[in-house]
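What follows is one structure encoded as C-alpha cells, with my remarks underneath.
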Amino acid sequence: MNRKIRVLIGKPGLDGHDRGAKYIARALRDAGMEVVYTGIRQTPEAIADAAIQEDVDFVGISLLSGAHNHLFPEVARLLKEKDASDIILFGGGVIPEEDIPGLKDAGYAAIFTPGTPAAEVVGFINLQMEKRQ
Amino acid sequence: MTSTADIIRDIGEGSIRAIARALSRVENGSPDSADILDVLFGKQQGFTLGITGPPGAGKSTLVNRMITRYRTTDNSVGVIAVDPSSPFTGGALLGDRIRMQSHASDPKVFIRSMGSRGHLGGLSGATRDASCVLSAAGYSPVIIETVGVGQAEVEIADLAHITLLVLVPGLGDDVQSMKAGIMEIGDIIVLNKADRNGIDQLESYVKASLEFMPADLKKPEVIRISAVSGEGLEDLWGAIDRLVAAQTGEEKTARSAVKTLNGILTENGIIISEKLLEIEYNGRKAAEELILAGQLSPYAIGKKLLERAEGMFKHNGSK
C-alpha cells in the first residue's frame, strides 16, 4: 500500500486573493501530502464535485472577501448531499472570531485565521488522520 | 471499507464516489486492486488519448479544449492529469484542474489528478490502472496528461491509443528535436502557441528531424495550433478522428492487453524481488547496507536473487 494524504484546496466565490491558499498548498505538499489546487473563483458545487472525484481526505477552503458565512456552509451542505460528509473540512482567511462557532456547527473541523503558522495546519491534518484510523 | 463487489456494482450504476474510490484503491495498490481491475479490464470501451510535452507547453489548456470538443458530441470524458511528486517528501501539488475549470461542475466530465509518486517516465505507476477504471466506467475518450519532463515519456505511447506530443517555440535549438525517442512517440506532433515568434523555425526543425525517421515507422502529422485562441484546433480534431477511425476495436484491445501484461510483469518483478531480498538478506534495507559497507556489489545481490529464484522453481518440480 502506498497511501498518501490527499487534500483539496479551494477558493470559492469572487475573491481572487490566493496567496494564503497557495502558501498552505505548498506547505502541505512539503509535508508529503498530495494537494489538489482548484484555482480561484470556484462555485461551491465545483469544489464539492472536485473533492469527490479526487477522493480527498480533506477540503480546505480559503476566503478573504467576507462571504464565508454563506459559501463555507454551502460546500459542507453539498458534500453531505453527495454522500461525502466523511471528507474533513477546514477553512481559512479573514474570518471574525464571532463567526467561527457557526462555521464549526456547519461542519468545519477547524478555522485558521491570518497569522496561523503552516505547521499548525499540517499538525491538524495529521492529528485528524490519526483519529480516523 | 466498501467491498470489492459493491464497488464494482456501484461503478456499473455510474456512482461518481465509487469510481473515485476505485481510483484511489488502484492508485494505492490496495489488496483488492487486482480483483477490481480483473473485472473492469474486459469492460473497457472507447479510446484513450495521451498528451505529453515539456512543462508550460499548454497541455492542460489543450486538454480543456478537448473536453469541450467531446462534450459537444455528448461523450462522457475522463481526464487523468499526472503532476510530479517530490522525490524528497513524496508530496505533490496537483494543479492541472486550474486550466480545466470550465468543466468543473459538468457531471459527465471526470477529472482525476495524480502524483507521479516516484515513477519515472512521466506517468504515475497507477496511470494505466486508473485509465482502465475510467474506461470501464464508460468514459471515452480517457485523456491522459503526463508530467511534462519532456524526454523520457515513451511510456505514454504504450498506454494510450493515440499520443499527442505538444511542443512550443523557444525551448531549445534543433539538437533538442534530434534527441532520440521523444519525437518518435507522437502519433501527432502539436506545435502550440502558433502565434509566438519562432513557430516557423520550430516547424522546420521538427519536420527536418522527422525526415530522418526510419522508413518503416509511420511519420506523425505536424499540426500548428493555438490552444488559447482556438486556431488550428479543427485540423487537430480531424487528425485525431482519422487515427481513431484507423484503429479497429480488436487492435486496440489486443494492444492494450499486451502492454498491460508488460506493465504487470515489471511490477510483479519488483514485488517478487522484494520477497527474495527478505529471504536472502533480511530485506532491502539490510541489502543496501551491505552495498554501502562495501561488502557486496549491487550486481552480486541481483545475481544471488536470481539464483535463489531458480533454485525455488527447481525445488517445486517445474521445468
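Residues in the range B:1-14 that are free of Cβ contacts under 8 Å to residues at least 40 places away in the same chain and surrounded by fewer than 17 Cβ atoms within 10 Å (Cβ to Cβ): how many? Give the steps one after another, and end with the answer.
Here is the first cut: in the range B:1-14, the ones free of Cβ contacts under 8 Å to residues at least 40 places away in the same chain are B:1-10, B:12-13.
After this cut, where a residue has to be surrounded by fewer than 17 Cβ atoms within 10 Å (Cβ to Cβ) as well, the list is B:1-3, B:5-6, B:9, B:12-13.
Result for the range B:1-14: 8.
Of these, B:ALA239, B:ALA286, B:ALA254, B:ALA245, which one is exposed (fewer than 11 other Cβ atoms within 10 Å of the Cβ) and not polar (S, T, N, Q)? Working first, answer last.
Working: B:ALA239 fails: exposed (fewer than 11 other Cβ atoms within 10 Å of the Cβ); B:ALA286 fails: exposed (fewer than 11 other Cβ atoms within 10 Å of the Cβ); B:ALA254 fails: exposed (fewer than 11 other Cβ atoms within 10 Å of the Cβ).
That would be B:ALA245, the only listed residue that is exposed (fewer than 11 other Cβ atoms within 10 Å of the Cβ) and not polar (S, T, N, Q).
Within the range B:48-61, does at least one residue satisfy the condition of being within 12 Å of chain A (Cβ to nearest Cβ) and of a type in the set (Val, Ile, Thr)?
Step one: of the range B:48-61, the residues within 12 Å of chain A (Cβ to nearest Cβ) are B:60.
Next, only the ones that are of a type in the set (Val, Ile, Thr) stay: none.
No: the range B:48-61 contains no residue that is within 12 Å of chain A (Cβ to nearest Cβ) and of a type in the set (Val, Ile, Thr).
So B:GLY118 ticks every box in (1) at pLDDT 70 or above; (2) part of a loop (DSSP other than H, G, I, E, B) but one. Which box is left unticked?
In the conditions (1) at pLDDT 70 or above; (2) part of a loop (DSSP other than H, G, I, E, B), B:GLY118 misses (1) alone.
Within the range B:296-305, can one find any residue that is touching a helix residue (DSSP H, G or I) at 6+ places or on another chain (Cβ under 6 Å), within 30 Å of B:ASP129 (Cα to Cα) and either assigned to a helix (DSSP H, G or I) or of a type outside the set (Phe, Trp, Tyr) (or both)?
Within the range B:296-305 (the criterion being touching a helix residue (DSSP H, G or I) at 6+ places or on another chain (Cβ under 6 Å), within 30 Å of B:ASP129 (Cα to Cα) and either assigned to a helix (DSSP H, G or I) or of a type outside the set (Phe, Trp, Tyr) (or both)), the answer is yes, since at least one residue qualifies.
Restricting attention to the range B:83-96, and to residues there that are surrounded by 24 or more Cβ atoms within 10 Å (Cβ to Cβ) and at pLDDT 90 or above, which single residue is farthest from A:LEU8 (Cα to Cα)?
Selected residue: B:ALA92.
Of the residues A:SER65, A:SER85, which single one is modelled with pLDDT under 95, in a loop (DSSP other than H, G, I, E, B) and within 30 Å of B:ALA22 (Cβ to Cβ)? Full working, then the answer.
Numbers: A:SER65 fails: within 30 Å of B:ALA22 (Cβ to Cβ).
Answer to the check: A:SER85.
Taking the range B:77-99 only, how many residues are more than 7 Å from chain A (Cβ to nearest Cβ) and β-branched (Val, Ile, Thr)?
4
Going by what's in this entry, would B:ALA104 be described as within 11 Å of chain A (Cβ to nearest Cβ), touching a residue at least 12 places away in the same chain (Cβ under 8 Å) and surrounded by 19 or more Cβ atoms within 10 Å (Cβ to Cβ)?
Details: within 11 Å of chain A (Cβ to nearest Cβ): yes; touching a residue at least 12 places away in the same chain (Cβ under 8 Å): no; surrounded by 19 or more Cβ atoms within 10 Å (Cβ to Cβ): yes.
Taking the combined requirement at face value, the residue does not satisfy it.
Which ones in the range A:35-45 are surrounded by fewer than 18 Cβ atoms within 10 Å (Cβ to Cβ) and within 7 Å of chain B (Cβ to nearest Cβ)?
Step one: list which residues in the range A:35-45 are surrounded by fewer than 18 Cβ atoms within 10 Å (Cβ to Cβ), which gives A:41, A:45.
The one that is surrounded by fewer than 18 Cβ atoms within 10 Å (Cβ to Cβ) and within 7 Å of chain B (Cβ to nearest Cβ): A:GLU45.
Please verify whether the range B:37-55 includes one or more residues that are out of contact with any helix residue (DSSP H, G or I) (no Cβ under 9 Å at 6 or more places or on another chain) and modelled with pLDDT of 90 or more. Before the answer, list the steps.
Of all residues in the range B:37-55, those out of contact with any helix residue (DSSP H, G or I) (no Cβ under 9 Å at 6 or more places or on another chain) come to B:38, B:54-55.
Then keep just the ones that are modelled with pLDDT of 90 or more; that gives B:38.
Within the range B:37-55, one or more residues are out of contact with any helix residue (DSSP H, G or I) (no Cβ under 9 Å at 6 or more places or on another chain) and modelled with pLDDT of 90 or more.
Before we move on, is A:GLY32 assigned to a loop (DSSP other than H, G, I, E, B), at the interface with another protein chain (Cβ under 10 Å from one of its Cβ atoms) and of a type in the set (Gly, Ala, Ser)? Explain how you work it out, then say what you get.
Details: assigned to a loop (DSSP other than H, G, I, E, B): yes; at the interface with another protein chain (Cβ under 10 Å from one of its Cβ atoms): yes; of a type in the set (Gly, Ala, Ser): yes.
Against the criterion (assigned to a loop (DSSP other than H, G, I, E, B), at the interface with another protein chain (Cβ under 10 Å from one of its Cβ atoms) and of a type in the set (Gly, Ala, Ser)), A:GLY32 qualifies.
In the range A:6-19, how many are touching a Leu at 6+ places or on another chain (Cβ under 8 Å), part of a loop (DSSP other than H, G, I, E, B) and within 11 Å of chain B (Cβ to nearest Cβ)? If you could, list the steps in order and put the result at the bottom.
Initial filter on the range A:6-19 (touching a Leu at 6+ places or on another chain (Cβ under 8 Å)): A:7, A:9, A:11-13, A:15, A:17.
Within this subset, residues satisfying the condition of being part of a loop (DSSP other than H, G, I, E, B) are A:11, A:13, A:15, A:17.
Add one more test, that the residue is within 11 Å of chain B (Cβ to nearest Cβ), and what stays is A:11.
The number of residues fulfilling the criteria is 1.
Surrounded by fewer than 19 Cβ atoms within 10 Å (Cβ to Cβ), closer than 30 Å to B:LEU233 by Cβ and free of Cβ contacts under 8 Å to residues at least 60 places away in the same chain, is that true of B:THR68?
Working: surrounded by fewer than 19 Cβ atoms within 10 Å (Cβ to Cβ): yes; closer than 30 Å to B:LEU233 by Cβ: yes; free of Cβ contacts under 8 Å to residues at least 60 places away in the same chain: yes.
Criteria met by B:THR68.
Checking A:GLY115 against (1) out of contact with any Leu (no Cβ under 7 Å at 6 or more places or on another chain); (2) over 23 Å from A:ASP18 (Cα atoms); (3) not aromatic (Phe, Trp, Tyr), which single condition isn't satisfied?
(2)
Just checking, does the range B:275-285 include any residue being in a loop (DSSP other than H, G, I, E, B), aliphatic (A, V, I, L, M) and not assigned by TED's automatic domain parsing to the domain that holds B:GLY50? If you could, list the steps in order and put the result at the bottom.
Taking the range B:275-285 and keeping what is in a loop (DSSP other than H, G, I, E, B), we get B:282-283.
With the extra rule that they be aliphatic (A, V, I, L, M), the set shrinks to none.
Within the range B:275-285, not a single residue is in a loop (DSSP other than H, G, I, E, B), aliphatic (A, V, I, L, M) and not assigned by TED's automatic domain parsing to the domain that holds B:GLY50.
Yes/no per residue for (1) within 12 Å of chain B (Cβ to nearest Cβ); (2) farther than 29 Å from B:ALA130 by Cα; (3) in a loop (DSSP other than H, G, I, E, B):
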| residue | (1), (2), (3) |
| --- | --- |
| A:ALA25 | yes, no, no |
| A:ILE47 | yes, no, no |
| A:ILE61 | no, no, no |
| A:ALA76 | no, no, no |
| A:GLY91 | no, yes, no |
| A:GLY102 | no, yes, no |
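Could you list, in sequence order, the residues of the range B:193-208 that are among the aliphatic types (A, V, I, L, M) and either in contact (Cβ under 8 Å) with a residue 60 or more places away in the chain or outside any helix (DSSP H, G or I) (or both)? Working first, answer last.
In the first step, residues of the range B:193-208 are kept if they are among the aliphatic types (A, V, I, L, M); the result is B:194, B:199, B:202, B:206, B:208.
B:ALA194, the sole residue that qualifies.
The values are calculated or read from the model by the stated rules, or taken from the named source; none is laboratory data. Computed from a predicted model, the values in this text were never measured in an experiment. Reconstructed Cβ throughout: ideal geometry from the backbone, glycine too, with neighbour counts over all protein chains shown.
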